[in-house]
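Single-structure report; data block below.
Only the coordinates and a few stated rules stand behind these numbers; no lab work does. Just so it is clear, the model here is predicted, and its values are computed rather than measured. With ideal geometry, Cβ positions are generated from the backbone for all residues, glycine too; neighbour counts draw on all protein chains shown.
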Amino acid sequence: MGAKMSPNPFRRCAPQLLPVAVLMSVAITGCATRVENVLQPPQVAVAASDASRVNMLVATTRKSSDDPGRLYSGERGTAISLNNVSVSIPPDRNREIGKVQWPSRVPPNPQKEFAVLEAGKVATEGQAFQWFRKNRNARRQVLIFVHGFNNTYADAVFRFAQIVHDSGTDAAPILFAWPSRARVLDYLYDKESANYSRRALEDLILQATRSPDVDDVTILAHSMGTWLAAEALRGVAMREKSIPAKVKNVILASPDIDIDVFRRQFIEMGPKRPHFAILMSTHDKALEVSGWLSGGVDRVGGADLKPYASVLEELGVSVIDTSAIASNDPLGHNAFADSPEIVRLLGRRLAGQSLSGREASFADQAGVAAANFAGSAARVAVAAPVSVISGEARDVLKRELSPSSGQLVDGQVSY
């Protein structure tokens, strides 16, 4: 008899590798022909006469690029750098809400494409405070955005400009751009780069809260950037003994955070936490891949949190299920920015408006929006994740809650 052939190892691994293959194919298809050196302003900045303009402060821990059209690479810099970046948005008649009209050439056509009009250095802390003063609204609000995995500097700039414009907010926009190589296979590099950037984001949050021209800070973070935002808030709480009261809202969109890690982060922020809202979807394919890469542990943004609603409600964090809301992203990972319903809802919340004529939380409004746009398939739980753990651990959390305040008594839970 001939020798018995061993099983094909590639065939055995195929089911596990399929999610990665799908993610890679979508990413490669979407970026294959895109112009990248789009950040150098033209010699004469010309925008369409009826275009909109978003003026943002960008803080980054990336290394400077020798290419003025890129400004910063995906490598790690040695210090935080600040830039004032102004982006022209095409007239609404020429674009679809929720989409970034990426330049097809350089210089771009401002009638139909996003265009950078200015990209100047902000050299000192005093200049940063001047920027706050110049760009403050009547409510003295700041919106800090932390981008996710697989983003170039330009990706983050244009995506944030789109969110600011499409939401209609007039809060002063600040982008925190951490080092991402913007390659699917550099997931672990990006993850370590987020870790590398924690202290810089802490400093940015504290700088904003210490400005007399800022009264209200909202942090919006996406994907891997949510881990960075949560970790920075934890660090701020440890440095300052509590998170500053000016940090009022934290919105985590598709959070790529190990569910047990987030529970720990949340507890260690202490009892005086801002209001958290989490946008999650059980149809998020990108988070399925992330969970597979991370040892099979659920990610906060992809787990079904509804069974834990009663415990989560006691902690006062809103969990918003966007599973049934349509997205332009085939991976189901970007609904927070490309869904017109969600991005407009964000704007209404930042404006302090409510669908019921009263001051409402982001989750209150999202609940109505989900019902209106997604039918009965969408479910909203007013909650605070990551007590998505064992029944025994949930009992521990309940015992640590103060009946009168609904807060953790001492900010500590053993497990």
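Quick look at the numbers
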item: Mean-position separation - Cα centroids, the range 56-119 and the range 148-168, in angstrom; result: 9 Å
item: Whole-number percent relative contact order across the range 114-173, with pairs defined as alpha carbons under 8 Å at least 6 apart; result: 45 percent
item: Relative exposure of Phe129, Phe145, judged by other C-beta atoms within 10 Å (fewest first); result: Phe129, Phe145
item: Virtual spin-label span in nm between Asp66 and Glu192, 7 Å along Cα→Cβ; result: 2.4 nm
item: Kirkwood hydrodynamic radius (C-alpha pairs) into Stokes-Einstein, the range 95-227, 4 °C and 1.567 mPa s, D in µm²/s; result: 80 µm²/s
item: Pair-distance profile P(r), taking every C-alpha pair of the range 24-178, with 10 angstrom steps and integer %; result: 11, 41, 38, 10, 1
